Amino acid sequence: MKIATLKQKKQFFVSGVLNWGKNNYRYFPWRQVKDPFLILLAEMLLSKTPAWRVEPVYDKIAKTYGSAELLANASQAALATEIEPLGLHNKRAEQLIEIAKSLLEIYNGKVPHKARQLAELSGVGPYIAHAVPCFAYEEPAAVVDSNVARVLTRFFGLDCVGRPALSKTVWEFAATLVAETVSARQYNYALLDFAAQVCASRPKCRTCPIRNVCQFLAAEGGPKQFDRAVQQSNTIETTTRR
């Protein structure tokens, strides 16, 4: 496929990520549910915490505090103890209970559809405010965390000021990519997994299915970066085999 325009490059990126995702989606229990409250609960637990650490905790928390009413009436000390392996457990427990109470008071225990409404809840930042409508309600919302921002700035050569994950430029650009998809949920999960497994902080450029159009590699230091990435990947693989 000849890439002549930015729109074609966006379409190539989206289709490439989705095709890669077909055989590489990661399994997590919170991806198997459609209950908006359980999805919000999972996203709060995942905040600043790797998924592998949340996975063994999630099922018990979901069963014990599986509704706004149950969570609102929880003991903060008991909840903090249960989520202690995740870190920031006292603050997180306080925020979770406060969110549950707000949902009961304002939304009759339901999770709102709109990012603007979610962003008003305690501890809910831009990522969670957009992730919940996308994953729970199939809203066509862009989902940008630091990993996704890294992929987009690398591949498209985006310039942004400050932290890319909070950049208006990156968020607005990400929204144009979602517009190219049929299912934002499917695409965003694929992109999150691609960012974690391929275009990671140490990119696996050799296995990247869309590397031929990547601006990161086409830049002045691209070939050297590619060689460096391959060397790092080989070193990691050799270490793992040992």
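Name the residues in region 197-220 that are in contact (Cβ under 8 Å) with a residue 60 or more places away in the chain, surrounded by fewer than 16 Cβ atoms within 10 Å (Cβ to Cβ) and either part of a helix (DSSP H, G or I) or β-branched (Val, Ile, Thr) (or both), would you? Answer for region 197-220, where residues must be in contact (Cβ under 8 Å) with a residue 60 or more places away in the chain, surrounded by fewer than 16 Cβ atoms within 10 Å (Cβ to Cβ) and either part of a helix (DSSP H, G or I) or β-branched (Val, Ile, Thr) (or both): Gln197, Gln215.
Within region 28-56, the set of residues being aromatic (Phe, Trp, Tyr) and either touching a His at 6+ places or on another chain (Cβ under 8 Å) or closer than 20 Å to Pro133 by Cα (or both) comprises Phe28, Trp30, Phe37.
Identification of helices (runs of 4 or more DSSP H) wholly contained in region 72-131 with 3 or more residues that are more than 21 Å from the chain's Cα centre (by Cα) and surrounded by 14 or more Cβ atoms within 10 Å (Cβ to Cβ) yields 76-82, 89-107. Quick check: is even one residue across region 32-45 buried (at least 21 other Cβ atoms within 10 Å of the Cβ), of a type in the set (Phe, Trp, Tyr) and within 24 Å of Ala184 (Cα to Cα)? For region 32-45, residues buried (at least 21 other Cβ atoms within 10 Å of the Cβ), of a type in the set (Phe, Trp, Tyr) and within 24 Å of Ala184 (Cα to Cα): present. A count restricted to region 173-196 and to residues that are in contact (Cβ under 8 Å) with a residue 60 or more places away in the chain and part of a loop (DSSP other than H, G, I, E, B) stands at 2. Taking each residue of region 153-169 that is touching a residue at least 60 places away in the same chain (Cβ under 8 Å) and more than 18 Å from Leu192 (Cα to Cα) and looking for partners that are of a type outside the set (Phe, Trp, Tyr) and assigned to a helix (DSSP H, G or I) with beta-carbon atoms closer than 9 Å, six or more apart or interchain, yields Gly157/Gln215; Gly157/Ala218. Can you find a residue that is part of a loop (DSSP other than H, G, I, E, B) and in contact with a Pro (Cβ under 6 Å, 6 or more places away or on another chain) anywhere in region 135-146? Yes, that holds for at least one residue.
Within region 221-228, identify whether any single residue is of a type in the set (Phe, Trp, Tyr) and either in a loop (DSSP other than H, G, I, E, B) or at pLDDT below 90 (or both), and answer yes or no. Yes: region 221-228 contains one or more residues that are of a type in the set (Phe, Trp, Tyr) and either in a loop (DSSP other than H, G, I, E, B) or at pLDDT below 90 (or both). Residues in region 16-59 that are without any contact (Cβ under 8 Å) to a residue 24 or more places away in the chain and in a helix (DSSP H, G or I): Gln32, Ala42, Leu46, Trp52. Among the residues making up region 60-71, those that are outside any loop (DSSP other than H, G, I, E, B) and either hydrophobic (A, V, I, L, M, F, W, C) or over 21 Å from Tyr27 (Cα atoms) (or both) are Ile61, Ala62, Thr64, Ala68, Glu69, Leu70, Leu71.
Condition check: part of a loop (DSSP other than H, G, I, E, B) and buried (at least 19 other Cβ atoms within 10 Å of the Cβ). Does Val170 satisfy that? So Val170 does not fit the description; no.
When Ala77, Ala100 are checked against the criterion of being free of Cβ contacts under 8 Å to residues at least 24 places away in the same chain and of a type outside the set (Val, Ile, Thr), a single residue qualifies: Ala77.
The values are calculated or read from the model by the stated rules, or taken from the named source; none is laboratory data. Note that the coordinates shown come from a computational prediction; the quantities given were computed from them, not determined experimentally. When we count neighbours, we look across all protein chains shown, and the Cβ atoms used for this are built from the backbone with ideal geometry, even at glycine.
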